[in-house]
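Trainee: First, the structure itself, so that you have it in front of you.
The values are calculated or read from the model by the stated rules, or taken from the named source; none is laboratory data. Since the structure is predicted, the reported quantities are computational estimates derived from the model, not experimental observations. Every residue, glycine among them, receives a Cβ derived from its backbone with ideal geometry; neighbour counts consider all protein chains shown.
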Ligand code: GDP
C-alpha cells in the first residue's frame, strides 16, 4: 500500500477531507527551530515551554547553545554616572539617552540615587523637569530617586528597580547620583560601568573629588567641551589621563579612559557609547562582567538580609516594649551595652522559635 493511502486514526474513509492538524506547529516530525525572539517573548509571556527550553540551553555543553543562552539572558548594561552639581549630568543623560535610542536601538531606563531627596525637600538632583526630551521617547523610562531616610534604603530600592526595569525589557540602565557622600559607592555596587563627569579647566578638580570616586571611574568625561572651553577641555583631558594612569590597575583589567564631550552640541557622545561597548566586550571575554554581577548580587543579598532583620527586630512587640527602659538602663550605667543588646536580642529570638 502506498504510504499516503494507509489508514490512520483520523483518516479512514476515502473521499473525506482531512480535518487537518490540531496543532499547526506540529508538522510531521519536523521541529520548528526556535529563534532568539521566540525564547525572549515566550519567557516574557510566562510560557513554561520557553523557560524550560532556555534552561536546557544553559545546561547544554555546546558553545553555540551557551552563546544563545547569553543572548536570551540579555545584553543589559548598567551605567553609573556621577559628577558635582552643575557639571551637566542631566543634560548629558538627555543627549546620551537619545543617542542610545536613536543610533543604537536601545531601551533606556534612567534611575537615581539621591539620599538627600527626603532630608531637604528640594533634592540635589531635583524634581525640575529634567531630561524633558528624553522623557518623550517611548523607549525611555525616567524615574526620580526613591525617597528614604537612609542611603542604604534608597540604594536598595533603586537596585530593585533596576531588576524590574530589566524584566520589563529595558536593556540600558543609567543610574545617576550626586558627587556627595557615599552614594557613589552605592551606585558603583549596582552597576557594570562607572562614568565620572568633570568640568574643563578645573585643573585641580580631581583633588576635590574623593580619591575613592576617581578610582571607581571606568571613564572620565570632560563635559562642556564647546565654544571657548574646547581648548581647556582638551588640556584637562591630558591632565586627567596622566592622573588616572597613576592609579592602581583595576580588577576588571580595564584601563580607565578619558574623553571630552559637549552634552549640548552632542560632540563626543557616540564615542562614549563606543567606549562602554568596548568595556562590556572586554569584561565579558575575560569573565569579569559576570563575576562582578554575581558578587553584586551576593552583596545585595546580604544587605537585604541585614535591613530586613533590623526592621523586624525593632518592630518586634517585646523589643518595642522594653527598648526605652533598656536604653535608660544603659545610659544610667546599670547595664552594659552588650548585656542590654543580648537581652533585647534574646527577646527577639524567643519570638522566633524556628531559629535554633
Ligand atoms: P547637573 O546639575 O549636573 O544635572 O547639571 P545640568 O545638566 O543641570 O547642567 C548645568 C548647566 O550646565 C545647565 O545650565 C546646562 O545647560 C549647562 N550645560 C550642561 N552641559 C553643557 C555643555 O555640554 N555645554 C555647555 N556649554 N553647557 C552645558
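Trainee: Would you check if there is a residue in the range 220-229 being within 16 Å of the ligand (Cβ to nearest atom) and surrounded by fewer than 14 Cβ atoms within 10 Å (Cβ to Cβ)?
Mentor: The answer is yes, given that some residue of the range 220-229 is within 16 Å of the ligand (Cβ to nearest atom) and surrounded by fewer than 14 Cβ atoms within 10 Å (Cβ to Cβ).
Trainee: Quick check: is even one residue across the range 229-248 touching a helix residue (DSSP H, G or I) at 6+ places or on another chain (Cβ under 9 Å) and part of a loop (DSSP other than H, G, I, E, B)?
Mentor: Checked against the condition, which is being touching a helix residue (DSSP H, G or I) at 6+ places or on another chain (Cβ under 9 Å) and part of a loop (DSSP other than H, G, I, E, B), the range 229-248 yields at least one hit.
Trainee: Any idea which of 87, 108, 113 is more than 11 Å from the ligand (Cβ to nearest atom) and more than 25 Å from residue 37 (Cα to Cα)?
Mentor: Values: 87 fails: more than 11 Å from the ligand (Cβ to nearest atom); 108 fails: more than 25 Å from residue 37 (Cα to Cα).
Only one candidate passes the filter, namely 113.
Trainee: (1) over 30 Å from residue 163 (Cα atoms); (2) in a helix (DSSP H, G or I): which one isn't true of residue 333, the others all being true?
Mentor: (2)
Trainee: Please give the number of the condition residue 264 fails out of (1) in contact with a helix residue (DSSP H, G or I) (Cβ under 8 Å, 6 or more places away or on another chain); (2) under 30 Å from residue 290 (Cβ atoms); (3) within 16 Å of the ligand (Cβ to nearest atom).
Mentor: Among (1) in contact with a helix residue (DSSP H, G or I) (Cβ under 8 Å, 6 or more places away or on another chain); (2) under 30 Å from residue 290 (Cβ atoms); (3) within 16 Å of the ligand (Cβ to nearest atom), residue 264 violates only (2).
Trainee: Whether any residue in the range 66-78 is in a loop (DSSP other than H, G, I, E, B) and either surrounded by 22 or more Cβ atoms within 10 Å (Cβ to Cβ) or over 19 Å from the mean Cα position of the chain (by Cα) (or both) is what I want to check. Talk me through it step by step, then tell me what you get.
Mentor: Keep residues of the range 66-78 that are in a loop (DSSP other than H, G, I, E, B), which gives 74-76.
Filter once more, so that each one left must be either surrounded by 22 or more Cβ atoms within 10 Å (Cβ to Cβ) or over 19 Å from the mean Cα position of the chain (by Cα) (or both): none.
So far as the range 66-78 goes, no, none of its residues is in a loop (DSSP other than H, G, I, E, B) and either surrounded by 22 or more Cβ atoms within 10 Å (Cβ to Cβ) or over 19 Å from the mean Cα position of the chain (by Cα) (or both).
Trainee: While we're looking at this one, here's another question. Considering only the range 203-228, how many residues are assigned to a loop (DSSP other than H, G, I, E, B) and modelled with pLDDT of 90 or more? If you could, list the steps in order and put the result at the bottom.
Mentor: First pass over the range 203-228, keeping only residues assigned to a loop (DSSP other than H, G, I, E, B): 203-204, 209-210, 217-218, 223-228.
Of the ones still in play, those that are also modelled with pLDDT of 90 or more are 217-218, 223-228.
Count: 8.
Trainee: Tally the residues that are more than 16 Å from the ligand (Cβ to nearest atom) and at pLDDT 85 or above, restricting the search to the range 155-180.
Mentor: Filtering the range 155-180 down to residues more than 16 Å from the ligand (Cβ to nearest atom) leaves 155-173.
Next, only the ones that are at pLDDT 85 or above stay: 155-166, 170-173.
Going through the range 155-180 one residue at a time, the tally reaches 16.
Trainee: Does residue 256 fit the bill of being touching a helix residue (DSSP H, G or I) at 6+ places or on another chain (Cβ under 6 Å), closer than 17 Å to residue 278 by Cα and modelled with pLDDT under 95?
Mentor: Details: touching a helix residue (DSSP H, G or I) at 6+ places or on another chain (Cβ under 6 Å): yes; closer than 17 Å to residue 278 by Cα: yes; modelled with pLDDT under 95: yes.
It is true that residue 256 is touching a helix residue (DSSP H, G or I) at 6+ places or on another chain (Cβ under 6 Å), closer than 17 Å to residue 278 by Cα and modelled with pLDDT under 95.
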